[in-house]
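Novice: Let me give you the structure first, and then I'll get to my questions.
The values are calculated or read from the model by the stated rules, or taken from the named source; none is laboratory data. No experiment lies behind these values; they were computed from the predicted model shown. We place every Cβ from the backbone using ideal geometry, glycine too, and count neighbours over all the protein chains shown. Side chains included, ligands, DNA and RNA excluded: accessible areas come from the protein's heavy atoms. Shrake-Rupley method; radii C 1.70, N 1.55, O 1.52, S 1.80 Å.
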Amino acid sequence: MNKYLISADIEGITGVINKNFSKEGGKYYQLGCRYMLSDVNAVIQGIVKADPEAEIIVRDAHGVSAVNLDLERLHGRAKLIQGWGAVQNMLTGLDQEYKGVFLVGFHAGGQNIAAVLGHTMHSIINAIRVNGRLVNETGLMALYAGFYNVPVVFISGDNWAVSEARDQLGDIVSVAVKESYGRDCGVSFSLEKSRALLEKGAMDAVLKLQQKQFLPFKIPGPFNMEIKFYDTGVRVSVMQNLSEILEFDKNYKFNRQEHTMIFSADNVLTMLQRLNMLLFLVYGIQSSSL
């Protein structure tokens with residue numbers, strides 16, 4: 001039996017075009033969750049059609065709670081992972097036993113102001129680079145999957161999310177469910193049309209995976225990660241507090257002039273665990289600063 005992991009974010013979901021859809025408590029958040037479920041179920045159905053014996057795990061990977069998908073309405077062939085922890089990420093549960101990773105509803109990076117709701121891990125982050133190479137959430141999760149020798153084989157999102165994924169990962173199966181007209185504006189397919197496209201894309205990804213057409217994404221180590229922050233309002237105090245907290249660990253270096261955090265790691269897993277802990281500190285400091 002082949003195992004597949006679906007990581008589901010919300011900003012790249014069909015019909016989600018601003019924070020009213022993506023933010024918990026937003027005016028259209030419940031609509032956003034329904035649209036998210038529709039896209040995810042279509043991908044599950046495509047995997048099952050291509051591999052009837054598939055074991056499918058869905059990782060709900062959006063927001064402060066990571067509880068967006070309705071288990072009562074989730075496709076009956078899938079299991080669901082929800083919630084966060086200090087050592088959890090958008091691919092929680094992944095190990096070397098999985099055959100492939102599917103990224104559903106992903107988005108472009110924080111430096112891309114033309115994309116719908118583009119960001120990289122947190123709204124205060126402008127860009128992340130690994131060994132000088134720009135990576136967004138797609139690239140970071142692909143690196144994590146690559147640590148376990150598992151390829152990312154599929155992505156859905158807006159046209160920019162698809163474009164950035166191809167730039168980083170090559171010819172993975174991609175489905176653009178909407179086109180961006182700006183950060184808070186886009187044109188989406190109908191849910192029915194998106195479901196058909198997503199189901200077919202997922203089927204194609206499984207068939208290509210069975211033909212060994214995908215390779216795990218890897219960047220040679222050792223690793224140097226640069227995290228460049230935006231510089232406005234509360235973000236300045238967040239960065240100042242963060243740099244003071246991290247002074248005990250000399251591995252972290254903060255360039256106040258460039259608003260950039262830099263650290264090194266010997267392997268991908270350590271690098272991403274350091275990033276994860278850093279993000280937990282950022283969320284905590286920002287919450288107490290507002």
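Novice: Go through the stretch 78-97 and count every residue that is open to solvent by less than 90 Å² (accessible area, probe 1.4 Å) and in contact with a strand residue (DSSP E or B) (Cβ under 6 Å, 6 or more places away or on another chain).
Specialist: Adding up the residues that qualify gives 9.
Novice: Can you name the residue in the stretch 55-91 that is at pLDDT below 95 and of a type in the set (S, T, N, Q) and is also nearest to the chain's Cα centre (by Cα) among such residues?
Specialist: Within the stretch 55-91, the match that is nearest to the chain's Cα centre (by Cα) is Asn89.
Novice: Can you find, within the stretch 143-180, the residue that is farthest from Ile44 (Cα to Cα) among those that are buried (at least 24 other Cβ atoms within 10 Å of the Cβ) and among the acidic types (Asp, Glu)?
Specialist: Glu164
Novice: Moving on. From Glu11, Glu55, which residue is closer than 15 Å to Leu117 by Cβ and touching a residue at least 12 places away in the same chain (Cβ under 8 Å)?
Specialist: Numbers: Glu55 fails: closer than 15 Å to Leu117 by Cβ.
The match here is Glu11.
Novice: List every residue pair whose Cβ atoms sit under 8 Å apart, with the two residues 6 or more apart in sequence or on different chains, where the first one lies in the stretch 31-42 and is farther than 10 Å from Gly15 by Cα and touching a residue at least 24 places away in the same chain (Cβ under 8 Å) and the second, anywhere, is open to solvent by 40 Å² or more (accessible area, probe 1.4 Å) and of a type in the set (Lys, Arg).
Specialist: Cβ pairs passing all conditions: Leu37/Arg73; Ser38/Arg195; Asp39/Arg195; Asn41/Arg73; Asn41/Arg195; Ala42/Arg195.
Novice: Quick one: count up the residues across the stretch 98-129 that are open to solvent by less than 10 Å² (accessible area, probe 1.4 Å) and under 17 Å from Arg59 (Cα atoms). Give the steps one after another, and end with the answer.
Specialist: So in the stretch 98-129, the residues open to solvent by less than 10 Å² (accessible area, probe 1.4 Å) come out as 100-110, 115-118, 120, 122, 124-125, 127-128.
Narrowing the set further to residues that are under 17 Å from Arg59 (Cα atoms) leaves 100-107.
Of the residues in that region, 8 qualify.
Novice: Name every residue in the stretch 24-36 that is modelled with pLDDT of 95 or more and assigned to a loop (DSSP other than H, G, I, E, B), in order of residue number. So that I can check it myself, show each step before the final result.
Specialist: As a first pass, look at the stretch 24-36 and keep what is modelled with pLDDT of 95 or more: 26-36.
Across the stretch 24-36, the qualifying residues are Gly26, Lys27, Tyr28.
Novice: Looking at the stretch 9-19, is at least one residue surrounded by fewer than 18 Cβ atoms within 10 Å (Cβ to Cβ), out of contact with any strand residue (DSSP E or B) (no Cβ under 6 Å at 6 or more places or on another chain), among the acidic types (Asp, Glu) and outside any helix (DSSP H, G or I)?
Specialist: Taking every residue of the stretch 9-19 in turn, none turns out to be surrounded by fewer than 18 Cβ atoms within 10 Å (Cβ to Cβ), out of contact with any strand residue (DSSP E or B) (no Cβ under 6 Å at 6 or more places or on another chain), among the acidic types (Asp, Glu) and outside any helix (DSSP H, G or I).
Novice: Moving to a separate point now. Looking at the stretch 210-233, can you tell me whether even one residue there is acidic (Asp, Glu) and under 28 Å from Lys19 (Cβ atoms)?
Specialist: Taking every residue of the stretch 210-233 in turn, at least one turns out to be acidic (Asp, Glu) and under 28 Å from Lys19 (Cβ atoms).
Novice: Quick one: is Gly109 in contact with a strand residue (DSSP E or B) (Cβ under 7 Å, 6 or more places away or on another chain) and either in a loop (DSSP other than H, G, I, E, B) or of a type outside the set (Lys, Arg) (or both)?
Specialist: Details: in contact with a strand residue (DSSP E or B) (Cβ under 7 Å, 6 or more places away or on another chain): yes; either in a loop (DSSP other than H, G, I, E, B) or of a type outside the set (Lys, Arg) (or both): yes.
Taking the combined requirement at face value, the residue satisfies it.
Novice: Would you mention how many residues in the stretch 130-142 are of a type in the set (Gly, Ala, Ser) and either open to solvent by 10 Å² or more (accessible area, probe 1.4 Å) or in contact with a Ser or Thr (Cβ under 6 Å, 6 or more places away or on another chain) (or both)?
Specialist: Count: 1.
Novice: Okay, next question. Yes or no: the stretch 68-75 includes at least one residue that is among the hydrophobic types (A, V, I, L, M, F, W, C), crowded, with 20+ Cβ neighbours inside 10 Å and under 20 Å from Val175 (Cβ atoms).
Specialist: Of the stretch 68-75, the ones among the hydrophobic types (A, V, I, L, M, F, W, C) are 69, 71, 74.
Then drop every residue that is not crowded, with 20+ Cβ neighbours inside 10 Å, which leaves 69.
Of the ones still in play, those that are also under 20 Å from Val175 (Cβ atoms) are 69.
There is at least one residue in the stretch 68-75 that is among the hydrophobic types (A, V, I, L, M, F, W, C), crowded, with 20+ Cβ neighbours inside 10 Å and under 20 Å from Val175 (Cβ atoms).
Novice: When only residues in the stretch 42-67 that are among the charged types (D, E, K, R) and not in a strand (DSSP E or B) count, which is surrounded by the most Cβ atoms within 10 Å (Cβ to Cβ)? If you could, list the steps in order and put the result at the bottom.
Specialist: Start the filter on the stretch 42-67 by keeping residues that are among the charged types (D, E, K, R), which leaves 49, 51, 53, 55, 59-60.
With the extra rule that they be not in a strand (DSSP E or B), the set shrinks to 49, 51, 53.
Details: Lys49: 15, Asp51: 20, Glu53: 7.
So, considering only residues that are among the charged types (D, E, K, R) and not in a strand (DSSP E or B), the one surrounded by the most Cβ atoms within 10 Å (Cβ to Cβ) is Asp51.
Novice: Name the residue that is most open to solvent (accessible area, probe 1.4 Å), counting only residues in the stretch 242-263 that are outside any loop (DSSP other than H, G, I, E, B) and touching a helix residue (DSSP H, G or I) at 6+ places or on another chain (Cβ under 8 Å). Give the derivation first.
Specialist: Going through the stretch 242-263, the residues outside any loop (DSSP other than H, G, I, E, B) turn out to be 242-248, 253-255, 260-263.
So of that shortlist, the ones also touching a helix residue (DSSP H, G or I) at 6+ places or on another chain (Cβ under 8 Å) come out as 242, 245-246, 254, 261, 263.
Details: Leu242: 0, Ile245: 73, Leu246: 10, Phe254: 51, Met261: 2, Phe263: 2 Å².
Taking the candidates together, the pick is Ile245.
Novice: Of (1) in a helix (DSSP H, G or I); (2) among the acidic types (Asp, Glu); (3) surrounded by fewer than 24 Cβ atoms within 10 Å (Cβ to Cβ), Asp39 satisfies all except one. Which?
Specialist: (3)
Novice: Moving to a separate point now. Scan the stretch 183-205 for residues that are under 22 Å from Ile172 (Cβ atoms) and outside any helix (DSSP H, G or I) and jot them down. Break it down into steps so the answer makes sense when it comes.
Specialist: Residues of the stretch 183-205 under 22 Å from Ile172 (Cβ atoms): 186, 188-189, 193-205.
Residues satisfying the conditions are Gly186, Ser188, Phe189.
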